[in-house]
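Down below is the structure, laid out as structure tokens.
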Amino acid sequence: MNTLVIVTHPNLEASRVNSAWLEELRKHNDITVHELYEAYPDENIDVAKEQALIEAHDRIIFQYPLYWYSSPMLLKKWFDSVLQYGWAYGPNGSKTAGKEFGAAISTYGSEASYQPSGSSRSTLAELLRPVEATTRFISGEYLPHFAVSDVSNLTDERLAQSTADYIKHIRAAQPVTVA
Ligand SMILES: Cc1cc2nc3c(=O)[nH]c(=O)nc-3n(C[C@H](O)[C@H](O)[C@H](O)COP(=O)(O)O)c2cc1C
């Protein structure tokens, strides 16, 4: 499986979770890591380059910290610019068909807060519906998300465990089937 991880974090120097995951990802030759804010400090996305990267990979993971129940801004811009009519959808827009897409996120909120009865009144699967719906719109296969929550209480041991689990997830995740 040919995997691309698109990491979107505007301040990796201050990051604990995403930077630890990133450091581990870089040790694996079968995983291509693409850091959006490093590639585009001016936030001007090279659409042709991004489309070529997607075309060269079968499994694409969007890794980011949850920001206001969504993603950092540059990832939204990436979706808006890269997933073009005639490329990802529409006439002859089949370049993303059959590719697998998923999200890997970190959250300050606890697991309990991401329950229907919790403070957010939403699960992470629900908050990630735009990624899932977009994947389905562009004829991709949606992977279950990977998440680590309650990051302010994350011990070094739990961080190391989540990092190991993340690598396993990237390799083993199977698309979510729709009835
Ligand atoms: C602008 C901003 C918005 C955030 N919004 C949320 C949020 O909606 N829900 C949440 O659980 N955490 C939120 N956080 C916390 C981040 O998700 C958390 O700091 C991050 O996942 C930690 O990962 P890192 O160590 O890689 O930076 C927000 C942080 C920032 C800076």
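The values are calculated or read from the model by the stated rules, or taken from the named source; none is laboratory data. Please read all numbers here as calculations on a predicted model, not as lab measurements. Methodologically, a virtual Cβ is constructed for each residue, glycine included, from the backbone with ideal geometry; neighbour enumeration extends over all protein chains shown. Calculation scope for accessible area: heavy atoms of the full protein, side chains included, ligands and nucleic acids excluded. Shrake-Rupley method; radii C 1.70, N 1.55, O 1.52, S 1.80 Å.
Tabulated values for the structure
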read-out: The listed residue being polar (S, T, N, Q), within 16 Å of the ligand (Cβ to nearest atom) and within 22 Å of MET1 (Cβ to Cβ), out of THR123, THR134, THR163, THR107; value: THR163
read-out: So GLN51, is it more than 25 Å from THR177 (Cα to Cα) and either crowded, with 18+ Cβ neighbours inside 10 Å or touching a strand residue (DSSP E or B) at 6+ places or on another chain (Cβ under 8 Å) (or both); value: yes
read-out: Unmet criterion (only one of (1) farther than 20 Å from HIS57 by Cα; (2) near the ligand (Cβ under 10 Å from one of its atoms)) for ASN44; value: (2)
read-out: Lone unmet requirement of (1) assigned to a helix (DSSP H, G or I); (2) of a type outside the set (Phe, Trp, Tyr); (3) closer than 25 Å to GLY93 by Cβ for LEU4; value: (1)
read-out: Near pairs, Cβ below 6 angstrom, 6+ apart or cross-chain, from the stretch 1-18 (open to solvent by less than 10 Å² (accessible area, probe 1.4 Å)) to any residue that is part of a loop (DSSP other than H, G, I, E, B) and not small (Gly, Ala, Ser); value: LEU4/HIS57; THR8/PRO72; ASN18/HIS9
read-out: Restricting the stretch 146-175 to residues that are open to solvent by less than 60 Å² (accessible area, probe 1.4 Å) and not in a helix (DSSP H, G or I), the residue that is farthest from THR96 (Cα to Cα); value: LEU154
read-out: Some residue of the stretch 54-63 being out of contact with any Leu (no Cβ under 6 Å at 6 or more places or on another chain), open to solvent by less than 10 Å² (accessible area, probe 1.4 Å) and of a type in the set (Lys, Arg); value: yes
read-out: Per-region count, the stretch 75-93, residues hydroxyl-bearing (Ser, Thr, Tyr) and open to solvent by less than 70 Å² (accessible area, probe 1.4 Å); value: 1
read-out: Residue check for SER113: open to solvent by 60 Å² or more (accessible area, probe 1.4 Å), within 16 Å of the ligand (Cβ to nearest atom) and in a helix (DSSP H, G or I); value: no
read-out: Of residues in the stretch 19-36 being closer than 22 Å to ALA52 by Cα and out of contact with any strand residue (DSSP E or B) (no Cβ under 7 Å at 6 or more places or on another chain), the one most open to solvent (accessible area, probe 1.4 Å); value: ASN29
